[in-house]
Each structure stands twice: as structure tokens, then as C-alpha cells.
Amino acid sequence: MKVSTLMRLLPVLPLKESTALTGRQITQKFYKLGDAAPDSAQTRAVQHYLKELCEGTGDDDSSPPLVRLEERPPRYYLRDGSVAGWLMTGELALNLLLARRSLSLALPGADEFEVAQLQAVADHRLGSAPGMKRLWQRLRVARDGIGRLPPQIDAEVQRSLLQAVMGERKLRMLYTNSAGQRSERDVSIQGLVMKDGTLYVLGTDSLWDDPKPYAAHRIQAAELLPERAQLRADFDLDAYIERQYHFSFVVDRPDPFIELELRVAPNYLYHFRERPLAPDQVIEPDPARAGWSVLRARIPETYLLIQFLQSMGAGVELLAPAHLRQRMAEEMTAAARYYADA
């Protein structure tokens, strides 16, 4: 059975024995026939699908996802939790557990939510795939940067955030920004993104707003609202992350791109060779300073760019654009004053 067919069939199948359906009823729902009788080709196709789901994967320890009640006519329903096991591959199990481990760095209490069954299925699947199991046992996710502890998110706020996403509910939150200003917002959560150990809530006030990122640890209080969240059908979370340069926070202006030019010391060059700033980045020998290199790249100007370059100290000189060079000079000069007596 094709995966696309299975994905169309699963929503049609009942989840409880008390709501089990006959093959004819499932065929009518699958082909959206209403009360009309299915033709012979439609009936045969669905009978084939049902037979395949009743047989399972062929593994001795794997239960078929579909239960057939031997009645006249037979009725069918999905076995609780078996679909996840039937679809779970070693790669999917590894990705699921890795994502959960990553999430636990920011949300240590998230285990209480409805992931225990998937965890069990994934653990079981890795146990039956020795290579994947060995990879999982030797794979770890470390905190970013210098190993700072993640910011603390209030337990009740965390609970409300996750419930709002899972239940597609609006959230009322009391938020304090980085300047200490407080505001109360009613938001629909379009997505959650974790960056450098910080969890960001992408919230919108109305249906057509662009999402704004709110750091979850700055939410002082949160309350689930009875209204359903206004989720934008056109919102692509992955595309949003790309547009925001993976949450380096692009400067808000019509054209945020800049022609960046850096002079880089020899022992700092590996930072840019191993992890380029852009696909079309160019590195050439510096004609003005022996042993150094000049790097050019067209990238968006982000709020984290200056911080990144400052972290390299005297190993990098920002040549262009002029407004960023001026800002860098001012901040580095001010910082140098702190060490004037050294």
C-alpha cells in the first residue's frame, strides 16, 4: 500500500471497538460516496487495503494495526497505538528520540505530555535494529555555546504553552521584554522554535499578522483561553525559520541584505571555512596583510552578527559595510576602556 493511500485511509478508520465500521461503510467514507453504494472496483480496492492492515508488518512481535471483528458482516477498528509502531522505522525512531532529547534541554518537564507511547514504540524499534540502537547509545546533544544553563521556564507557563499548541487554543500571556516592559497579549501560537537553548513562541494577535517571537522564559504567566487559535493556513514554519536566518533575528527593513567584508587572521579562518556564512562566500588572500585573508559574503544583517564578530576579538576586522564598521569601532573602543589599566 502506498503511503499516500494509507494517509488517506487512516482518518476514515474508527479508533474504538464500539464505533467499528463494516467494509462497505469504510469504502463509502474513503471515496466520499455518502449513502451511495460503492462499485465493485472501489469495494475490491478497500478490501485489499483492509486485508493488508489486518496482516500487519510480518514481524512476529508486531501487532497488526487493524482489528477485524468476526461478525456478519465483519467490522473494523484501529488498534490503540499500533499505527505508530507499524509506521515507525529505525531512522524515524532515532529522529524522534533525538528531538525529544533536544527538547528536554529547554523543557525538562515535557515528558508528562502525550509522548510516552511514542517513546516506547521508538525504544522498541531501535531495540530491533542493532545498528540504530548502537548509534543512539553513542549520540548525545550538548548545550550550545559555552555550556550555559538553559533559561528557566515557569512550570505552569510551560504546561499552558504545550496545551495551547496541542489543543489549538488561544493563549493569554503576561510578557516582559528584554527592556523590562510588561504587556498582556492574547496570541495564537503558530509554532515553537528552540535556538541556542532558548525556546521561542511564534505568536500572532490576529489571523493575518506576521508571527512575533516571544522568549518563553520571559512569559510571567499564561492562561488558556476558550477560543480556538487562529492558525494561518499559509504559514510555513520551516520557511519562516529560513527567512529569519535560523533565528539570528534579521533587521527589519525592506532589504536586510548586506555585502559583508572581513579581514580574518590565519588561526581564525577555520571558523568560516568549516561553517560558511553563505553558499557563495568567497575567501581570498589579503594583499594588505601577509598571511591574513579577506572574506566576502552577501548575508542578511542580523542582530546577532555584531556579537558573533566581537566574540573573535582581534582575530577579525570588519571592513564593510561602513555603518557596521563604525558600530563595531565604537563598541570595541568602549570595551577597551575597561582594560586600560591592564
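Here are some residues: 225, 199, 171, 192. Which one is within 29 Å of residue 147 (Cα to Cα), touching a Leu at 6+ places or on another chain (Cβ under 7 Å) and free of Cβ contacts under 8 Å to residues at least 60 places away in the same chain? Please lay out each step first, then the result.
Working: 225 fails: within 29 Å of residue 147 (Cα to Cα); 199 fails: free of Cβ contacts under 8 Å to residues at least 60 places away in the same chain; 171 fails: within 29 Å of residue 147 (Cα to Cα).
It is 192.
Considering 282, 264, which residue is buried (at least 17 other Cβ atoms within 10 Å of the Cβ) and more than 30 Å from residue 208 (Cα to Cα)? First the steps, then the outcome.
Values: 282 fails: buried (at least 17 other Cβ atoms within 10 Å of the Cβ).
Of the residues listed, the single one that is buried (at least 17 other Cβ atoms within 10 Å of the Cβ) and more than 30 Å from residue 208 (Cα to Cα) is 264.
Can you confirm whether residue 201 is under 18 Å from the mean Cα position of the chain (by Cα), under 29 Å from residue 308 (Cα atoms) and β-branched (Val, Ile, Thr)? In short, yes. Listed conditions (1) among the acidic types (Asp, Glu); (2) surrounded by fewer than 12 Cβ atoms within 10 Å (Cβ to Cβ); (3) at pLDDT 85 or above are all met by residue 59, apart from (3).
Is one or more of the residues making up the range 35-45 surrounded by 12 or more Cβ atoms within 10 Å (Cβ to Cβ) and at pLDDT below 90? The answer is no, given that none of the residues of the range 35-45 is surrounded by 12 or more Cβ atoms within 10 Å (Cβ to Cβ) and at pLDDT below 90.
On the given criteria, is residue 235 of a type in the set (A, V, I, L, M, F, W, C) and on the phi > 0 side of the Ramachandran plot? Spell out how you get there, then give the answer.
Details: of a type in the set (A, V, I, L, M, F, W, C): yes; on the phi > 0 side of the Ramachandran plot: no.
Considered against the rule, which asks whether it is of a type in the set (A, V, I, L, M, F, W, C) and on the phi > 0 side of the Ramachandran plot, residue 235 comes out as no.
Among the residues of the range 140-160, those identified as outside any helix (DSSP H, G or I) and modelled with pLDDT of 75 or more are 146, 147, 148, 149, 150, 151, 152, 153, 154.
Checked against (1) farther than 20 Å from residue 303 by Cα; (2) at pLDDT 95 or above; (3) not β-branched (Val, Ile, Thr), residue 218 passes all but condition (1).
The values are calculated or read from the model by the stated rules, or taken from the named source; none is laboratory data. Model, not experiment: these values are computed from the prediction. Methodologically, a virtual Cβ is constructed for each residue, glycine included, from the backbone with ideal geometry; neighbour enumeration extends over all protein chains shown.
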